[in-house]
1. Just to be sure, is Glu96 free of Cβ contacts under 8 Å to residues at least 60 places away in the same chain and farther than 15 Å from Cys13 by Cβ?
2. Condition first: among the aromatic types (Phe, Trp, Tyr) and within 13 Å of the chain's Cα centre (by Cα). Can you find one or more residues in region 102-111 that meet it?
3. For region 22-49: of the residues being exposed (fewer than 14 other Cβ atoms within 10 Å of the Cβ) and of a type outside the set (Gly, Ala, Ser), which is farthest from Lys117 (Cα to Cα)?
4. Could you go through region 86-93 and let me know if any residue there is within 19 Å of Phe6 (Cβ to Cβ) and not β-branched (Val, Ile, Thr).
5. Give me the pairs: first residue in region 108-124 and farther than 11 Å from Val21 by Cα and free of Cβ contacts under 8 Å to residues at least 60 places away in the same chain, second residue hydrophobic (A, V, I, L, M, F, W, C) and not in a helix (DSSP H, G or I), beta-carbon distance under 7 Å, and six or more apart or on different chains, which are they?
6. Kindly establish whether Val15 is part of a strand (DSSP E or B), surrounded by 21 or more Cβ atoms within 10 Å (Cβ to Cβ) and in contact with a strand residue (DSSP E or B) (Cβ under 9 Å, 6 or more places away or on another chain).
7. Please give the number of the condition Glu43 fails out of (1) in a loop (DSSP other than H, G, I, E, B); (2) touching a helix residue (DSSP H, G or I) at 6+ places or on another chain (Cβ under 8 Å); (3) in contact (Cβ under 8 Å) with a residue 24 or more places away in the chain.
8. Kindly establish whether Glu112 is surrounded by fewer than 19 Cβ atoms within 10 Å (Cβ to Cβ), at pLDDT below 95 and farther than 25 Å from Glu152 by Cβ.
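The values are calculated or read from the model by the stated rules, or taken from the named source; none is laboratory data. Note that the structure is a prediction, hence the values are computed from the model and not measured. Here the Cβ positions follow ideal geometry from the backbone for every residue, glycine too, while neighbour counts run over all protein chains shown.
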Amino acid sequence: MDRDEFEMSANLCFVFDEDEVLLIKKKRGLGEGLYNAPGGKIEEGESSKEATKREVKEETRLEIEKLEKVGELQFYFGDKPFMDVDVFRTSQYKGEPRETEEANPEWFKTDEIPLGKMWPDDRYWIPLMLDNKQFEGVFYFDKNGNKILEHELEETSY
């Protein structure tokens, strides 16, 4: 499906520091109360990488220096093409993460990521990212976005 058919284009950025990864606990908006990687909506006129750097800074105060695209995910809520997401990773950043109005950042050991407190699709593709694999996935949720009905996931390269 064409990316333009989705209600929203967004991004996620996994920031690594040796054997730890930075996640945020969302304070508001989509995914409130869940852990996720920093990221958000791509604004008109922005590239995905520009939006990722802006969102990470807004949510954690970190300045990202280099990004590597590792995945692309598409989400359907019911029959509706809801969100198309680029997934990035980096270990090159400046600053120390700080709490913001949107999120509370927290470092986790990569083998202690709280998958039970994240979106249900994360348990499928995060292990690929942690193994330095690139992937594409499509997740079909119920109309409320609470339960995965089916999914497709495959390794790829960018």
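1. Values: free of Cβ contacts under 8 Å to residues at least 60 places away in the same chain: yes; farther than 15 Å from Cys13 by Cβ: yes.
The answer is yes for Glu96.
2. Just the residues of region 102-111 that are among the aromatic types (Phe, Trp, Tyr), to begin with: 107-108.
Subset that is within 13 Å of the chain's Cα centre (by Cα): none.
No, region 102-111 has no match at all.
3. Applying the first criterion (exposed (fewer than 14 other Cβ atoms within 10 Å of the Cβ)) to region 22-49 yields 28-29, 32-33, 43-45, 47.
Subset that is of a type outside the set (Gly, Ala, Ser): 28, 32, 43-44.
On the way: Arg28: 15, Glu32: 11, Glu43: 28, Glu44: 31 Å.
For region 22-49, the residue satisfying everything is Glu44.
4. yes
5. Pro120/Ile148; Asp121/Phe139; Asp121/Ile148; Tyr124/Leu153
6. Details: part of a strand (DSSP E or B): yes; surrounded by 21 or more Cβ atoms within 10 Å (Cβ to Cβ): yes; in contact with a strand residue (DSSP E or B) (Cβ under 9 Å, 6 or more places away or on another chain): yes.
Yes: the conditions hold for Val15.
7. Evaluating Glu43 over (1) in a loop (DSSP other than H, G, I, E, B); (2) touching a helix residue (DSSP H, G or I) at 6+ places or on another chain (Cβ under 8 Å); (3) in contact (Cβ under 8 Å) with a residue 24 or more places away in the chain leaves (3) as the failure.
8. Numbers: surrounded by fewer than 19 Cβ atoms within 10 Å (Cβ to Cβ): yes; at pLDDT below 95: no; farther than 25 Å from Glu152 by Cβ: yes.
Taking the combined requirement at face value, the residue does not satisfy it.
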